Amino acid sequence: MTLVQPNPEMQVFIRKELNEDVNTTQRDLEYIKEWLAIQPHLPKFDDDQRITTFLRGCKFSLEKTKRKLDMYFTMRAAVPEFFSNRDVNRQELRDILQYARFPPLPGLTPNGRRVIVMRANADDGLLKYNVSDAMKLVMMVGDIRLKEEQTGVAGDVYILDASVATPAHFAKFTPSLVKKFLVCVQEAYPVKLKEVHVVNVSPLVDTIVNFAKPFLKEKIRKRIFLHPDGMESLYKYIPKDILPEEYGGYAGPLDDIHDEWVKKMESYRGWFKEQESVKADESRRPGKPKTHDDLFGMEGSFRQLIID
């Protein structure tokens, strides 16, 4: 099972964290669906599960949910390198999946958070591939989670494994590409980033973290934890029973979890194809259309990205 859903007791805790009142969830859902239906620039979209996931990620703020959904469709049109040709059987994507691992783990932490591990299994295998394709795969997993986090989670926790990170890898992540990716994640997806844990730390990690910090709000900077002395300090945040074997846990090999996610993405091939046309049409947006510069303009320097 790729995503274990929270038990009833944890669901109660998560609903409190997400400000969800089960008595008004359907009402809020219908309100957002009615709003979407009258937006001339947005596609027809009546996926109750995904809309509800947006509501939960926005803590049931209707205005924030509308902004997120608008940006979700806007990004799908503005960044085709992330949102087109999303066939997991395409050779370029299959090759990346041989080297990169980024699966959400099946279990949840005791406080209802989903843990995602990001790790490469070779130090040179990824150098010949397009970073935007790797980011595309990460977005594909995110889109599946919009549909399959059925009762919501209380936030995301990332484990970044730096064991094979090299300056050559780092050089492939240009500031403009990183900015596009972070704008998409922050503005277009209902992500509640709670913690980032960096394991198998190398001297390069400080450079990478310092590179990312200007994009992050202060509260997120305080949620980045380095674990230079092994995994014991990681277990204070994430219990062993949901961690893969590679990190001293009991949830089985990471490769097995990864393989299950690859199968999951394969099962969504037809759906991903259908979704390519589900995007904003800026020519029909009321008022001024949003341009690429509006979304990603450099303005002489990077604007701080605020990630909730």
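The values are calculated or read from the model by the stated rules, or taken from the named source; none is laboratory data. Worth saying up front: this structure is predicted, and the values here are computed from it rather than measured. FYI the Cβ positions are ideal-geometry reconstructions off the backbone, even for glycines, and counts take in every protein chain you see. In case anyone asks, the SASA skips ligands and DNA or RNA and just uses the protein heavy atoms, side chains included. Shrake-Rupley method; radii C 1.70, N 1.55, O 1.52, S 1.80 Å.
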Exercise. Starting from the range 14-38, keep only residues that are under 20 Å from N111 (Cα atoms) and assigned to a helix (DSSP H, G or I), then list their pairs with residues that are of a type outside the set (D, E) and open to solvent by 70 Å² or more (accessible area, probe 1.4 Å) whose Cβ atoms are within a distance under 9 Å, requiring at least 6 positions of separation or different chains.
Key: R15/V22; E17/K59
Practice problem: Give the residues of the range 209-236 that are over 19 Å from the mean Cα position of the chain (by Cα) and crowded, with 17+ Cβ neighbours inside 10 Å, sorted by residue number. | Solution: H227, M231, L234
Exercise. Mind listing whichever residues of the range 33-67 are open to solvent by less than 30 Å² (accessible area, probe 1.4 Å), of a type in the set (A, V, I, L, M) and either within 17 Å of P286 (Cα to Cα) or over 22 Å from the mean Cα position of the chain (by Cα) (or both)?
Key: L36, L42
Quiz item: Of all residues in the range 196-238, which are at pLDDT below 80, among the β-branched types (V, I, T) and under 25 Å from N111 (Cβ atoms)?
Solution: V209, I220
Quiz item: Is it fair to say T24 is polar (S, T, N, Q) and open to solvent by less than 20 Å² (accessible area, probe 1.4 Å)?
Solution: no
Quiz prompt | Test result for S132, farther than 24 Å from L3 by Cα, open to solvent by less than 40 Å² (accessible area, probe 1.4 Å), among the hydroxyl-bearing types (S, T, Y) and assigned to a loop (DSSP other than H, G, I, E, B) | solution = no
Self-check item: Matching option when the condition is in contact with a Ser or Thr (Cβ under 8 Å, 6 or more places away or on another chain), open to solvent by less than 10 Å² (accessible area, probe 1.4 Å) and either assigned to a strand (DSSP E or B) or on the phi < 0 side of the Ramachandran plot (or both), among V157, V117
Solution: V157
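Yes or no, residue by residue, for (1) of a type in the set (A, V, I, L, M, F, W, C); (2) in a helix (DSSP H, G or I):
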position	(1), (2)
L55	yes, yes
F60	yes, no
K68	no, yes
A77	yes, yes
V88	yes, no
I96	yes, yes
Practice problem: Would you confirm whether any residue within the range 195-204 is assigned to a helix (DSSP H, G or I) and farther than 24 Å from S61 by Cβ? | Solution: yes
Self-check item: Residue list for the range 73-92, filter: within 11 Å of A280 (Cβ to Cβ) and touching a Leu at 6+ places or on another chain (Cβ under 9 Å)
Solution: F73, T74, M75, A78
Exercise. Inspect the range 245-254 for any residue being modelled with pLDDT of 90 or more, hydrophobic (A, V, I, L, M, F, W, C), under 19 Å from the mean Cα position of the chain (by Cα) and surrounded by 14 or more Cβ atoms within 10 Å (Cβ to Cβ) and give the result as yes or no.
Key: yes
Quiz item: Failed condition for G112, given (1) open to solvent by less than 10 Å² (accessible area, probe 1.4 Å); (2) modelled with pLDDT under 95, with all others met?
Solution: (2)
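So, of the residues in the range 255-292 that are of a type in the set (K, R) and open to solvent by less than 80 Å² (accessible area, probe 1.4 Å), which turns out to be nearest to L42 (Cα to Cα)?
R285
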